[in-house]
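Asker: I'd like to ask some things about the structure below.
The values are calculated or read from the model by the stated rules, or taken from the named source; none is laboratory data. From a predicted model like this one, the values you see are computed outputs, not experimental measurements. Cβ placement follows ideal geometry from the backbone for every residue including glycine, while neighbour counts extend to all protein chains displayed.
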Amino acid sequence: MSGLEAIGSSAERRVTVITADGVALAVREYGPRAAELTVVFLHGHCMRAESWNEVRDELVREYPGARVVCYDHRGHGDSGNAPRNSYTLAQLGHDLGAVIDAVAPAGPVVLVGHSMGGMTVLTYISQRPQEIGNRIAGVALIATGASGIAEAGFGRLIRHPVVATFQAAVRWAPGLTRHAKSLACKVFAPLITMAEFGDRKVSPRIRSLVNAMHNQTSIVAMAAFLSAFLDYDRTDALPALSHIPTLILCGSADLMTPPSHSIAMAAAVDYADLALVEGAGHSVILEQPELVSAAIARLMTRAAGTERTAYRSLALVA
């Protein structure tokens, strides 16, 4: 059974949610406690809740009546580490359920996932399809995919023999993980940078932020979740999204989850809004937070039932 402990001010309320297997998830809440709508942000692989800071701040200004929830996945940020075999997308789906049950037990919820966070959202929907249209009133899938993550773009590097060797070393020599982490950062940092940004010029601040978040994630969690991406397929969850407002957004220059992933998902969801942010990469939430938050605010307005205009099948954000 999930447990809940809250501390902090009314501006930011710090919450700890204890999962069924005893892992402490670090959660942050913003906005009115009695809000009619809650939005839950889920971050990507090797990132943390802070990756949403600028989007969150913009959204709070644009949609002050909503409650915003951000949390760190197990093995990430301030959340607790867990057994290696629990670092799976299925478990992240259950963790999301524990967070919703603990901090938003009533009222409509909008789920917003970036990269692995989007995969978590789709996994949760596959696990709890009855929540669509009941508790879950809207979904945003950002820079993510429903399947074939290791088949396109830089995601194909997951199948590289060097990565497999690295994962095996982490499994069989846990005592060497500190040295493995140092080596991995040196070996994979250039690849991560290329996958996130390509050869585009982006703010040094953004590059530093992304690198710092990757470096803070435990080597065990990093390696285990890479394995989880190999056979990930949650296309079964997409049809259910036709029943609620859905936003699918990605950068046109995303090399990790290319726009082909977003286009394929949008084709499987009736009336989905597909937003392509021109020139942005995989870290679109850091590169263009104003555009991302504006798109999420529109989604929340539709999810709250206050906008009656017809859906557009394609929305181009420039």
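Asker: Take the residues in region 27-51 that are surrounded by 22 or more Cβ atoms within 10 Å (Cβ to Cβ) and of a type in the set (Gly, Ala, Ser); name whichever of them is farthest from residue 62 (Cα to Cα).
Answerer: Here the residue is 44.
Asker: Let me ask another. Conditions: (1) buried (at least 20 other Cβ atoms within 10 Å of the Cβ); (2) more than 16 Å from residue 55 (Cα to Cα); (3) touching an Asp or Glu at 6+ places or on another chain (Cβ under 7 Å); (4) small (Gly, Ala, Ser). Residue 272 meets all but one. Number of the miss?
Answerer: Of everything listed in (1) buried (at least 20 other Cβ atoms within 10 Å of the Cβ); (2) more than 16 Å from residue 55 (Cα to Cα); (3) touching an Asp or Glu at 6+ places or on another chain (Cβ under 7 Å); (4) small (Gly, Ala, Ser), residue 272 misses just condition (3).
For (1) within 24 Å of residue 68 (Cα to Cα); (2) within 18 Å of the chain's Cα centre (by Cα); (3) modelled with pLDDT under 90, each residue gets a yes or a no:
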site	(1), (2), (3)
209	yes, yes, yes
228	no, yes, yes
246	yes, yes, no
258	no, yes, no
305	yes, no, yes
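Asker: Run residue 234 past the list (1) of a type in the set (Lys, Arg); (2) modelled with pLDDT of 90 or more; (3) out of contact with any helix residue (DSSP H, G or I) (no Cβ under 7 Å at 6 or more places or on another chain) and report the number of the one that doesn't hold.
Answerer: The number of the failed condition is (3).
Asker: Another question, then. Identify the single condition in (1) surrounded by fewer than 17 Cβ atoms within 10 Å (Cβ to Cβ); (2) out of contact with any Asp or Glu (no Cβ under 9 Å at 6 or more places or on another chain) that residue 223 does not satisfy, given that it satisfies every other one.
Answerer: Result: residue 223 passes all but (1).
Asker: Among the residues of region 87-125, count how many are out of contact with any Gly (no Cβ under 9 Å at 6 or more places or on another chain) and at positive phi.
Answerer: The number of residues fulfilling the criteria is 1.
Asker: Ok, one more. State the number of residues belonging to region 10-32 that are out of contact with any helix residue (DSSP H, G or I) (no Cβ under 8 Å at 6 or more places or on another chain) and not in a strand (DSSP E or B).
Answerer: Residues meeting the conditions: 5.
Asker: Moving on to the next point. Under 8 Å between Cβ atoms, at least 6 apart or on separate chains: pull out the pairs that start in region 27-40 with a residue that is among the hydrophobic types (A, V, I, L, M, F, W, C) and end on any residue that is in a loop (DSSP other than H, G, I, E, B) and surrounded by fewer than 19 Cβ atoms within 10 Å (Cβ to Cβ).
Answerer: 35/65; 35/107; 37/65; 37/107; 37/304
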